[in-house]
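Before any comments, here is the structure.
Where a number appears in this text, it was derived from the coordinates with a stated rule and is not lab data. A quick note: this is a predicted structure, and the numbers were derived from the prediction, not measured. Please note: Cβ atoms are built from the backbone with ideal geometry, for glycine as well, and neighbour counts cover all protein chains shown.
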Amino acid sequence: MDIKQEFSASQTILLIMPSSDYNKEIVEIMKKFSGKNVAYITLNKTRDSLVELFKQNKINIDNVVFVDAISKTIKSAPDQSDGVYYVSSPGALTEIGIVISKFLRHNFDYLVFDSLTNLLVYENKAPIGKFVSSLVNKIKESKTKAVFYALSVEEQQTMIKESGMFVDKVIELDKKSTKTTKSKSTKTKSKAKKSK
């Protein structure tokens, strides 16, 4: 999948991926965004672990600013540091929304929201839908293109489908098949479906 090509006709994309491919996919997408100004909102990993992952994969992160909603839940962290803003937790939707609104005024090329799936650990479904809708509307008022990650988790299909209504495009990456069967290919299938 070429994320930049997907953005040629869409400003906001929901990318649903199997958890087994998560690290590989986030690395591939950040490679495509290399050299661009990126705001990376992480509700999944600390900024430090993402920086380590990206550096191991030779991804230049000089133009990446992180919003880290994990670090303050596990250790003491300042409100901001060089290239990173820390928010209190992934459940602090108002705080996250305010920081993202400030970022959007700076015309980042891309915003990565990692991930919608983690929001359900901290919040009920109702506020998440409202949050995603509000966030997508703010993004549409800017020139920034945004990708929202979600893991393909059975228990969260309702929230994922609801979030898909707010974005321009939903892309679902199927899990790679490791077994060869008569009815399935061993290659990764990627299906894109246009949402409302």
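Descriptive notes on the structure:
- A69 being touching a helix residue (DSSP H, G or I) at 6+ places or on another chain (Cβ under 8 Å), buried (at least 16 other Cβ atoms within 10 Å of the Cβ) and more than 19 Å from V132 (Cα to Cα): no
- Count of residues meeting criterion [in contact (Cβ under 8 Å) with a residue 60 or more places away in the chain and surrounded by 17 or more Cβ atoms within 10 Å (Cβ to Cβ)] in region 118-159: 13
- Those residues of region 72-81 which are hydrophobic (A, V, I, L, M, F, W, C) and either surrounded by 22 or more Cβ atoms within 10 Å (Cβ to Cβ) or part of a loop (DSSP other than H, G, I, E, B) (or both), in sequence order: A77
- Contact map, region 52-73: residues that are farther than 17 Å from I96 by Cβ paired with residues that are among the aliphatic types (A, V, I, L, M) and not in a strand (DSSP E or B), Cβ distance under 6 Å, separation 6+ or inter-chain. Pairs shown: F54/M30; F54/I61; N57/V27; I59/M30.
- Every residue from region 30-55 that is farther than 20 Å from P90 by Cα and touching a strand residue (DSSP E or B) at 6+ places or on another chain (Cβ under 7 Å): F33, K36
- Strands (runs of 3 or more DSSP E) completely within region 1-71 that count 2 or more residues being more than 25 Å from E155 (Cβ to Cβ): 38-42, 64-68
Table: residues versus (1) within 13 Å of V147 (Cα to Cα); (2) surrounded by fewer than 17 Cβ atoms within 10 Å (Cβ to Cβ); (3) under 13 Å from the mean Cα position of the chain (by Cα); (4) not aliphatic (A, V, I, L, M).
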| residue | (1), (2), (3), (4) |
| --- | --- |
| F7 | yes, no, no, yes |
| M17 | yes, no, yes, no |
| S20 | no, yes, no, yes |
| N23 | no, yes, yes, yes |
| I29 | yes, no, yes, no |
| Y40 | yes, no, yes, yes |
| L43 | no, no, yes, no |
